[in-house]
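Some notes on the structure that comes next.
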Amino acid sequence: MNSKSTSLYHAFTSILFAVFLVSCSSNSEATLNAPENHSSVKAEKSSIPEEIKDVLSKSTCLGCHKMKTKLIGPSYSEIATRGYSEEEIIELIKNPDPKNWPDYPPMAPITWVAEKELATIASWIKSLENAE
């Protein structure tokens, strides 16, 4: 396989895995969490603005990342604490570097997301840097 085929393969398998996780987690979350946990689940979901949530969903980011808790990848809040610039965030989405996050599985390159949407995601993550 050449590098382009390998990248496409990783992107495709990442999408499939993310879709699988999202479909499983949305059904199991309501049935597996104890009632006292439902408010925290709702709070976490609502802490991502709707317009950002739409971009993250369309880009498959929510399959691996949550607002404040580890899923497969680091939380958005944890990413924000690293102090990356918006340009660095965009580059790390398009060309992830596993050495930056050694405690997590390597992320596949996300190359299908439009630059405008990448900028929206990066700007929002950067805005979390000084939150809380």
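The values are calculated or read from the model by the stated rules, or taken from the named source; none is laboratory data. Since we're looking at a predicted model, the values are computed, not measured. So basically every Cβ, Gly included, is an ideal-geometry build from the backbone, and we count neighbours across all protein chains shown.
Going by what's in this entry, would M107 be described as touching a Pro at 6+ places or on another chain (Cβ under 8 Å) and surrounded by 16 or more Cβ atoms within 10 Å (Cβ to Cβ)? Break it down into steps so the answer makes sense when it comes.
On the way: touching a Pro at 6+ places or on another chain (Cβ under 8 Å): yes; surrounded by 16 or more Cβ atoms within 10 Å (Cβ to Cβ): yes.
So M107 passes the test.
Using the structure shown, decide if E88 is of a type in the set (D, E), out of contact with any Pro (no Cβ under 7 Å at 6 or more places or on another chain) and either free of Cβ contacts under 8 Å to residues at least 24 places away in the same chain or in a loop (DSSP other than H, G, I, E, B) (or both). Full working, then the answer.
Values: of a type in the set (D, E): yes; out of contact with any Pro (no Cβ under 7 Å at 6 or more places or on another chain): yes; either free of Cβ contacts under 8 Å to residues at least 24 places away in the same chain or in a loop (DSSP other than H, G, I, E, B) (or both): yes.
Criteria met by E88.
Using the structure shown, decide if A108 is at pLDDT below 95 and of a type in the set (G, A, S).
Values: at pLDDT below 95: yes; of a type in the set (G, A, S): yes.
The answer is yes for A108.
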